[in-house]
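Everything below concerns the one structure shown next.
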Amino acid sequence: MKVVKFGGSSLASAANFEQIFQIITADSSRKIVVVSAPGKRFKEDVKVTDLLIDLATKALLKEETAELFEQIVARYQEIASNTGTELAVIKSIRSDLQAILASDKSNPDRFMDRIKASGEDNNAKLVAAFFNARGIPARYHNPKEAGLFVTAEHANAQVLQESYENLYNLREANELVVFPGFFGYTKSGEISTFSRSGSDITGAILANGVKASLYENFTDVDAVFTVNPAFVHNPQEIHELTYREMRELSYAGFSIFHEEALLPAFEAGIPVHIKNTNNPTCCGTKIVNAHEQVARPVVGIASDNGFSQIYISKYLMNREIGFGRRVLSILEKYQLTFEHMPSGIDDLTVILRDNQLNPDLEQTLIKNLTEELQADYVNIERDITLLMIVGESMRHNIGTTYRASRALANAGVNIEMINQGSSEVSIMFGIKKEFEKTAIRALYEEFFKSH
Ligand code: ASP
């Protein structure tokens, strides 16, 4: 049994619905379908989820919502009319959204989540009606009735363990299961959404719950690229990745598959296959537990911006008991989270996300760290980019760091920091943001072109 998830760009138009019909009916083991809200039909278009966020914001501000409301319903209507789907479903979509819009607004986060979730919920109803109209028995399943329970952290819900057992029952369904992505219910019956792009998470939870043989994730690209195509023209594709490699790449900006969706699939050992709705027979990218094919030492190169580094230097730091703890407790005092903390004998660097800092806080931090730690020198540097080269096989390959740093040196890129994670799945380089493009190209040349 396969769980198949379609992203918003695969469900934006009537033509997309025809495509997904072909995909589902081509393989009888595709029994559970998870859907996103309709996405963009063309480049400048707006995703239904973004329209819904706008709608909720306006409603909370008591502004006029009628026009936007009609615009949203029209998106479903267009698909229904052009696929010959019963228009009765549009009537119920309209009245459901109307009822949610009129519902209690005393907790704005709850209200926002209710509105946001309607994007997927209504699309699931539409998809089910569409399949039925085409003679394929299908049924919309409500996450509450199916037992998909989550925490009440709105816009960042986490699945509750008991959901997996509840969802196992979906195996018994005789008709095609159509399930809305992106949200679940709290134990007190409130809707709570995952973070953005969270339908990937729903798909992974269902795949785990029903113990699927495969989780197919349909999107709009043929495969995951080895590097961001914004930096390298027409880069090579990756056809196989391990969960750990994907995790590292998602951390540093590979956004094709939600990073929180990896865990449920990984825990149940279910492979994930990322595929293209527009080109479904193309090989795609498979995410597996261990490489089945011989893998190169480096499978992908990622980069992410928006980091700062706090550099702390103190002679004989290595002998001082509790030094690291004191650094971290100062960060804790200012509610700062850190990403990495490579250290030397007399120095330590803390890498953190830029958006947590401001010039005043930086000065306070420098003062606090210098005084409380009696440090010799403390400095904060902004605009740091983290480059990551990722590959499980690096562990058995000698010279990967050498090759990477030589490539960067030859390209004139100064390395501010190197950090090889203890897992040996990735090596990370901190560089100045202005060198990002040059650095990425140099690494791509080294690992994907010259050998
Ligand atoms: N529609 C939601 C979003 O745009 C969730 C998803 O598509 O996965 O974030």
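Sorting 127-136, 408-417 by average packing, meaning the other beta carbons within 10 Å per residue, from highest down gives 127-136, 408-417. Take every Cα pair under 8 Å whose residues are at least 6 apart in sequence, average their separation, divide by the length of the stretch 296-349, and the relative contact order is 49 percent. Our helix-only sum for the chain, with -39,500 (n - 2.57) per DSSP H run of n ≥ 4 divided by its residues, gives a mean residue ellipticity at 222 nm of -11500 deg cm²/dmol. Annotation: extensible slack from ASN410 through HIS233 equals 61.6 nm (criterion: 0.36 nm per residue apart, minus Cα-Cα distance).
Peptide packing: for 380-389, 193-202, 75-84, 356-365, the average count of neighbouring Cβ atoms within 10 Å per residue gives the ranking 193-202, 380-389, 75-84, 356-365, highest mean first. Summing charges over all other residues whose Cβ lies under 13 Å from the Cβ of LYS144, with Lys and Arg as +1 and Asp and Glu as -1, gives -1. Once both labels are positioned 7 Å from their Cα atoms along Cα-to-Cβ, the gap between THR151 and ALA15 label points is 4.2 nm. With a cut-off of 19 Å on the backbone N, the residues of the stretch 379-403 near the modelled label site 7 Å out from GLU339 along Cα-Cβ are 379-391.
Residue ranges 21-27, 108-114 sort as 108-114, 21-27 when ordered by packing (mean number of other C-beta atoms within 10 Å per residue, highest first). Taking a straight line from the alpha carbon of LYS62, these lysines sit under 17 Å away, with near neighbours fewer than eight places off in the same chain left out: LYS105. Kirkwood Rh over alpha-carbon pairs of the stretch 156-309, then Stokes-Einstein at 10 °C and 1.306 mPa s: what D in µm² s⁻¹, rounded to an integer? Estimated diffusion coefficient is 95 µm²/s.
Axis angle, to the nearest 10 degrees, between helix 359-373 and the longest C-alpha principal axis of the chain: 50 degrees. Panel order for VAL46, VAL35, VAL425, by other beta carbons found within 10 Å of each beta carbon, from fewest to most: VAL46, VAL425, VAL35. With each pseudo-label sitting 7 Å past Cα toward Cβ, what's the ASN107-LYS432 distance in nm, one decimal? Placing both labels 7 Å beyond Cα along the Cβ direction yields 4.9 nm. With contacts taken as Cα pairs under 8 Å and at least 6 residues apart, the chain reaches a relative contact order of 13 percent. Taken over the stretch 294-447, the convex hull of the Cα atoms encloses 121 Å³ per residue.
Here the chain is treated with +1 on each Lys and Arg Cβ and -1 on each Asp and Glu Cβ, and its dipole about the Cα centre works out to around 700 debye.
Can you bin the stretch 114-243 into rounded, prolate or oblate? Criterion: square roots of the alpha carbon gyration tensor eigenvalues sorted a ≥ b ≥ c, rounded for a/c under 1.5, prolate for a/b above b/c, oblate for the rest. Here the stretch 114-243 falls in the prolate category.
Which FRET efficiency value, to the nearest 0.05, is calculated for ASP50 and TYR311 with the Förster distance at 41 angstrom and r the Cβ-Cβ distance?
Here the calculated transfer efficiency is 0.55.
Coupling constants for the stretch 376-392 follow from the phi torsions by the Karplus curve (6.51 cos²θ - 1.76 cosθ + 1.60, θ = phi - 60°), and in residue order they are 6, 7, 9, 8, 10, 10, 9, 6, 9, 10, 9, 9, 10, 9, 10, x, 5 Hz; glycine and proline get x.
Think of the chain as having a plus end and a minus end, set by charges on the Cβ of Lys, Arg, Asp and Glu; of ILE93, SER393, ILE301, ILE93 sits farthest toward the positive end of this dipole.
Applying Stokes-Einstein at 25 °C and 0.890 mPa s to the Kirkwood radius of the stretch 217-306, computed over alpha-carbon pairs, gives a translational diffusion coefficient of 183 µm² s⁻¹. If you look at the Cα atoms of the stretch 1-142, you get an Rg and a Dmax of 15.3, 48 Å. Hey, which of these cross-link pairs are over 28 Å Cα-Cα: LYS58/LYS275; LYS116/LYS333; LYS211/LYS275; LYS2/LYS91; LYS40/LYS125; LYS275/LYS433? Too far apart for the 28 Å limit: LYS58/LYS275; LYS116/LYS333; LYS2/LYS91; LYS275/LYS433. Counting only aspartates and glutamates at least 8 places from LYS432 when in the same chain, those with an alpha carbon closer than 12 Å to its own are ASP304, GLU381, ASP383, GLU416. Directionally averaged projected area (the chain, Cα convex hull): 24.2 nm².
Distance between the C-alpha centres of the stretch 415-451 and the stretch 201-280: 22 Å, rounded to the whole angstrom.
All of the numbers you see were taken from the coordinates with simple rules; none came from a lab. Remember, it's a predicted structure, so these values are computed and weren't measured experimentally. When we count neighbours, we look across all protein chains shown, and the Cβ atoms used for this are built from the backbone with ideal geometry, even at glycine.
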